[in-house]
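The values are calculated or read from the model by the stated rules, or taken from the named source; none is laboratory data. None of these values were measured; they are calculated from a predicted model. Quick reminder, even Gly has a Cβ in these numbers, built from the backbone with ideal geometry, and neighbours come from all protein chains shown.
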Amino acid sequence: MTVATASQSTPTLTPRAGPRTAAPQSGFAPWNDPKKPPIVRFEGITKRFDDFVAVKNITLDIYEREFFALLGPSGCGKSTLLRMLGGFEKPTEGKIIVAGQDITDMPPYDRPVNMMFQSYALFPHMTVEGNIGFGLRQEGMPKDKIAERVDEAMGMLELRQFAKRKPNQLSGGQQQRVALARAIAKKPRIVLLDEPLGALDKKLRQQAQFELMRIQETTGTTFIIVTHDQEEAMTVASRIAVMDKGDLVQVATPGDIYENPKTRYISGFIGDVNLFEGKVSAVADGCVEIESTEGSKLKTRSAEPVSVGQQVWLALRPEKIRISHDQPSSTVNAIPGKVEDIGYLGSISHYHVRTAGGQRITALRANAAHAVERSISWEDSVWLDWPVDAGVVLTR
Amino acid sequence: MSSSSSPDIRRWYVIAAPYLWLLIFFLIPFFVVFKLSLSDVATAIPPYTPIFSWSTGIWEFFSQLDFENYTFIFGDPLYINAYFSSVKIAAVATFLTLLVAYPMAYGMARAPKAWQPTLMMLVILPFWTSFLIRIYAWIAILKPEGFATLFLTKLGIISEPLQIMNTTTAVYIGIVYSYLPFMLLPLYASLEKINPSLLEAAQDLGSRPWRSFWQVTFPLSLPGVFAGCLLVFIPAVGEFVIPDLLGGSDTLMIGKTLWTEFFNNRDWPLASAVAVLLLFVLIVPIVIFQRQQQLEREAGR
Ligand SMILES: Nc1ncnc2c1ncn2[C@@H]1O[C@H](COP(=O)(O)OP(=O)(O)OP(=O)(O)O)[C@@H](O)[C@H]1O
Ligand SMILES: [Mg+2]
């Protein structure tokens, strides 16, 4: 008999609905407004290191006050893209435009952006105050004004009591806050963050994510963050750009990326997903019928232009699948199977079901809502079903 | 019990070994020299008195020791000038070495990683030749009819032969050349340690390259600057070969004075007093050097 495992996957990946902290205006979607000029525009950016193409012809607009996340696996070129915006790498091809000005050839010290480095890059010979005030001193700002601004930044990040310490006298979390304070002290229009929380442990990281969002909101700055942690991107970002091997695969809001992933890669990258492989058997009324290799007929509403006979995949989130002992009245999208494994997570449970065709499918059920129903246990024969608008048809 | 005591004893040996080394090769010789400095010159072999013997007794021996040589040194401006002149020449030469070595060390630290061992090799390579031979080579270069004159005349930069040989300038050239690696290596070590992203951060915050050098690179290389300066300054103060071979009669250095006293005047006691005082002159920089190394070890932890 199989034993329930609680560690299989956490249910926290669903994006938060409703107004977000990073984009307080519920209708914050400047990317949908064709009249709105972007604050950052990458225009056909390619970066080659010798023969190796790190970034491939990327065109991307980022808008004012966005919290924009560049997400992708290690080595996909996200740091390179960010460093080109910071001025530390020169694009091999293409243009970078910030606030309408072409800054492709502008040196880093003239750019209206500040970066928070992955290793923090705090100056070891300067105090916390000295580090935070460094950028302001370069502008020749009067001393009392600098002190004021440094104090403001320290207050925002609760660093006042460490003002006179050197970086090596601080904990990792404190160093991270100093690095952030230094990056925002000059009140730049854009703050770049390269894996800003990568060195923190999980608990501290979650706390720091909310801090980032709070700072981004109160300062009204555009934040561009690089991360390979999808959970982090989902939490903080107004939009996410998913990169893979130097390509931009999809740019969308966290909700869109979750609900309408463009490729199998993205669907699996963010959250859990069930994938049915199959061939299109019919296309009608905005619906696609798929003959799955596992042996069932699946029907899904889809705007994706597909033709009969084409190989496609149906991506289905576990929480969209209904699991029950009774055969559903509809014969569409209903598959029988046997429960192999149950992951009990308190408020919800994961059910891993083996279909007759041999595919393993994960369904998710909230425990409270179904308390009255007969509980499902191992080896039970069950039916899985879902509505026609639950899945997404993927061609790649 | 042997099983528990033998490792104990072995540990004591390990701890005692460096002290024993210091005792035999530093402290005892120092006391020999110090005793000599309190003695009087004599026309004998060895050329000083008193010599301890059991027949005269220990009190007789001690009563003959005095600070006469020290009063003599302090009374004669020649020696005081020689000390000051040595310190000055060593300080100027150290500064010049720093000026030459810093850009080299910086270039080495910034060179592609693959080149760095080769560059390091090139710095150390001259050390495979004897120090004396290299100084003699400088005579051949610097003398009025030497290579430097020849070369610069060919280029049309000078028309008269160079008058560098047997001047303090030649001594500076000799010291800078000979001690360059002692400056270069600690500088390189501290520059190489600097995280390049610190400079990116400085530039990102609006600091131009030249300013970021002074704001970030230079302060972070200070441990190397200190170590290098002391490693050059300390031996340069007592330097004898370079002023003797390259310097002229106007180059006053305490090492030369000491040599003259010892070999020309055969005044071993006075030479010993000069040496003991030289040690005291150097104690301050040596102590600074030790403390600085200590601080860096602590910071490195
Ligand atoms: N200076 C360089 N010279 C040569 N190749 C480089 C250089 N910088 C980056 N690359 C290569 O470009 C690719 C993308 O690097 P990049 O640092 O942008 O990755 P990343 O997406 O940030 O990955 P990670 O999450 O590991 O930081 C990598 O394969 C890397 O090896
Ligand atoms: Mg990176």
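In the set A:Glu217, A:Glu211, only one residue is touching a Ser or Thr at 6+ places or on another chain (Cβ under 7 Å), of a type in the set (Asp, Glu) and farther than 22 Å from B:Val216 by Cα; that residue is A:Glu217. In a residue-by-residue description of the stretch B:75-88, the property of being in a loop (DSSP other than H, G, I, E, B) and in contact (Cβ under 8 Å) with a residue 60 or more places away in the chain applies to no position. Would you confirm, using the coordinates I've provided, whether A:Glu152 is modelled with pLDDT of 90 or more and outside the structural domain of A:Arg65 (by TED's automatic domain parsing)? In short, yes.
Just give me the residues in the stretch B:191-202 being surrounded by fewer than 24 Cβ atoms within 10 Å (Cβ to Cβ) and facing chain A (nearest Cβ under 7 Å), in sequence order. Those that are surrounded by fewer than 24 Cβ atoms within 10 Å (Cβ to Cβ) and facing chain A (nearest Cβ under 7 Å): B:Asn195, B:Ser197, B:Leu198, B:Glu200. Sort out which residues of the stretch A:94-123 are more than 16 Å from ligand 1 (Cβ to nearest atom), under 21 Å from B:Trp210 (Cβ atoms) and not polar (S, T, N, Q), and write them in order of number. Scanning the stretch A:94-123 gives A:Asp105, A:Met106, A:Pro107, A:Tyr109, A:Asp110, A:Arg111, A:Phe123.
Candidates in the stretch A:202-211 are the residues that are under 25 Å from A:Thr80 (Cα atoms) and more than 16 Å from ligand 1 (Cβ to nearest atom); of these, the one that is farthest from the chain's Cα centre (by Cα) is A:Ala208.
Within the stretch B:36-74, the set of residues being within 25 Å of B:Glu239 (Cα to Cα), free of Cβ contacts under 8 Å to residues at least 40 places away in the same chain and not β-branched (Val, Ile, Thr) comprises just one member, B:Phe74.
State whether the residues of the stretch A:65-85 include one that is of a type in the set (Gly, Ala, Ser), on the phi > 0 side of the Ramachandran plot, in the same structural domain as A:Glu211 (by TED's automatic domain parsing) and away from ligand 2 (no atom under 16 Å from the Cβ). No, that holds for no residue. Taking strands (runs of 3 or more DSSP E) as the structural unit, those lying wholly within the stretch A:54-142 and holding at least 3 residues that are more than 10 Å from chain B (Cβ to nearest Cβ) correspond to A:67-71, A:93-98.
Taken over the stretch A:181-190, the criterion of being touching a helix residue (DSSP H, G or I) at 6+ places or on another chain (Cβ under 8 Å) and either away from every other protein chain (no Cβ under 13 Å) or over 19 Å from A:Phe123 (Cα atoms) (or both) is satisfied by A:Lys187, A:Ile190. Take the residues in the stretch A:34-53 that are away from ligand 1 (no atom under 16 Å from the Cβ) and in a strand (DSSP E or B), then tell me which one is nearest to B:Ser197 (Cα to Cα). Ranking the qualifying residues of the stretch A:34-53, first place goes to A:Val40.
Of all residues in the stretch A:212-224, one or more are buried (at least 21 other Cβ atoms within 10 Å of the Cβ), within 14 Å of another protein chain (Cβ to nearest Cβ), outside any loop (DSSP other than H, G, I, E, B) and within 16 Å of ligand 1 (Cβ to nearest atom). Among strands (runs of 3 or more DSSP E) entirely within the stretch A:247-338, having at least 3 residues that are of a type in the set (D, E, K, R) singles out A:297-301. List the residue pairs whose Cβ atoms are under 9 Å apart, where the first residue sits in the stretch A:68-79 and is hydrophobic (A, V, I, L, M, F, W, C), the second is within 9 Å of ligand 2 (Cβ to nearest atom) and part of a helix (DSSP H, G or I), and the two are 6 or more positions apart or on different chains. Hits for this filter: A:Leu70/A:Lys78; A:Leu70/A:Ser79; A:Leu70/A:Leu82; A:Leu71/A:Lys78. When restricted to residues that are more than 16 Å from ligand 2 (Cβ to nearest atom), assigned to a helix (DSSP H, G or I) and touching a Pro at 6+ places or on another chain (Cβ under 8 Å), the stretch A:179-211 contains 2.
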